[in-house]
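Inspection log for the structure reproduced underneath, given as structure tokens.
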Amino acid sequence: METRAAVAWAAGKPLTIETIKVQPPKEGEVLVEVMATGVCHTDYYTLSGADPEGLFPAILGHEGAGIVREVGKGVTSLAVGDHVIPLYTPECRQCKTCLSQRSNLCTAIRATQGKGLMPDSTSRFSCEGVGGSKDVFHYMGCSTFANFTVLPEIALAKVRKDAPFDKICYIGCGVTTGIGAVINTAKVWPGANVAVFGLGGIGLNVIQAARMVGADKIIGIDLNPAKAEMARKFGMTDFINPTEVGNDKVVQAIQDLTGGGADFTFDATGNVNVMRQALEACHRGWGESIVIGVADAGKEIATRPFQLVTGRVWKGTAFGGARGRTDVPKIVDWYMDGKIEIDSLITHTMPLDEINHAFDLMHEGKSIRSVVIY
Ligand code: NAD
Ligand code: DAO
Ligand code: ZN
């Protein structure tokens, strides 16, 4: 079939809207009509060329929601008409990692997904370019910047049909990452003191989850004071602007507010110096720091080992530790039941033709999340 897609032809070049060909789903695969997709920093990171694993040409996008239009042979858990959220972290329920129940990093299709291909090592996308038709790579196994995309069955969470696509697409990455980091990875307890570095699309979801589980102090840290207002609405109790207090005083400021350090801290900036501050702002003996931010290629983290010897714990989280097919439908329910807020985080919507504007808004710090509605 043919469909419209925003194609990334080369690093550093804007996406262009093209008519592409999509091959039908093969065994174990599903054709999805994408109804809405968020535009996330990770899409831009790859488009910019900074991602050493970025492949071109590709169809980016990994934060979508849509409807199953066709199922391949052997698909049993999904049927035509089901509403789904694509998962860049699949859940096969059969690999060593899935069976262990210790991690969400399913390995079933990891090798081919990382190469921009479907599990049989081919692409379902092609496009006429200079010099004829070219195969186009998949991205994070999702490619939600195409109106129709193909995914393995194990990379789709089936969700309720009354949930609005233009809101729940954000559960495909940002919401689940922030909320899952609190609930699955840190397991923040009621009454805990929490500090969140970076009050963007991820940090705000960390804050709302911390409030949901009954955290006591929820301290937000951001260089941009304009971020404080929204963060307060989501549950932030105290704000620290490193520029105002002095960057070298941030850890002390958190220790002062919490009587010795936070029980849990979260990095949602991707800056390795901030990751160090977050670790060192943890309470001696038990504080845990969760790295959510993805640092630029080649960056390394450092602290004095004595910080760990004296009981602080450094952890990371991918997709909030969520097992997508199991946990994502529950998060959709939380949204529909009013337990979590999404609407006000989606600050901009646009048609596919204007997708490059979403990147402009991101860089100008004007958006929390932009959503493309097909
Ligand atoms: P964002 O740009 O919306 O928010 C980042 C915030 O950090 C901004 O408000 C910015 O002002 C603030 N900031 C930047 N430098 C700072 C500093 N030195 N001190 C304090 N605040 C600072 O980004 P986002 O969408 O919220 O994503 C945050 C990070 O999470 C990114 O690195 C992204 O790649 C990563 N991420 C990780 C996962 C995962 O599964 N681990 C999933 C999605 C995104
Ligand atoms: O299993 O090794 C693996 C790959 C896991 C990929 C998880 C990606 C998490 C961070 C990506 C952030 C953006 C959306
Ligand atoms: Zn698995």
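A straight Cα-to-Cα reach below 20 Å connects Lys161 with the aspartates and glutamates Glu33, Glu63, Glu70, Asp82, Glu153, Asp327, Asp333, Asp337, Glu341, Asp343, residues fewer than 8 places away in its own chain not being considered.
The peptide list 325-331, 124-130, put in order of mean Cβ contacts within 10 Å with the highest first, becomes 325-331, 124-130. What base-10 log of the normalised intensity I(q)/I(0) is obtained for the range 235-374 from the Debye formula, alpha carbons as equal point scatterers, at q = 0.16, 0.17, 0.19, 0.21 Å⁻¹? Results for the range 235-374 at q = 0.16, 0.17, 0.19, 0.21 Å⁻¹ read -1.09, -1.16, -1.25, -1.29. For the peptides 257-268, 291-302, the ranking by mean Cβ contacts within 10 Å, running from highest to lowest, is 257-268, 291-302. Projected onto its three principal axes, the C-alpha set of the range 39-86 covers 39, 20, 14 Å, listed from the longest axis down. For Trp189, neighbours were defined as the other residues whose beta-carbon sits under 13 Å from its Cβ, and their charges (Lys and Arg +1, Asp and Glu -1) total -2. Note on the chain: GNM, Cα springs under 10 Å; of Asp162, Asp222, Asp343, the largest mean-square fluctuation is that of Asp162. Rounded to the nearest 20 debye, the dipole size of the range 178-317 about its Cα centre is 240 debye, using +1 on the Cβ of Lys and Arg and -1 on the Cβ of Asp and Glu. With all projection directions averaged, the alpha carbon convex hull of the range 178-317 covers 7.4 nm². Here the Karplus relation 6.51 cos²θ - 1.76 cosθ + 1.60, evaluated at θ = phi - 60°, turns the backbone of the range 225-231 into coupling constants of x, 5, 7, 5, 4, 5, 4 Hz, with x for every Gly and Pro. With all projection directions averaged, the alpha carbon convex hull of the range 9-81 covers 5.8 nm². Note: relative contact order over the chain, using C-alpha pairs below 8 Å and six or more positions apart, is 18 percent. Size check on the chain: the Cα extents along the three principal axes, sorted descending, read 62, 40, 38 Å. For the range 36-178, the pair-distance distribution built from all alpha carbon pairs, in bins 10 Å wide starting at 0, is 12, 39, 38, 10, 1 percent. On full extension, the segment bounded by Thr76 and Asp216 gains 45.9 nm, given 0.36 nm per residue less the C-alpha separation. If the segment from Lys161 to Arg93 were pulled out straight at 0.36 nm per residue, it would be longer than the present Cα-Cα gap by 22.1 nm. The mean of 1/r over all pairs of different alpha-carbon atoms in the range 322-374, once inverted, gives a Kirkwood hydrodynamic radius of 12.7 Å. Put simply, the amide H of Arg124, placed in the peptide plane, has neighbours under 5 Å in Met118, leaving out anything fewer than 5 places away on its chain. Partner lysines whose Cα lies under 23 Å from the Cα of Lys217, excluding those fewer than 8 positions away in the same chain, are identified as Lys187, Lys227, Lys233, Lys249, Lys315, Lys339.
Computed from the coordinates by the stated procedures, all read-outs in this text should not be read as laboratory data. The structure displayed is predicted, hence computed values, not measured ones. No Cβ is skipped: glycine too gets one built from the backbone with ideal geometry, and neighbour counts run over all protein chains shown.
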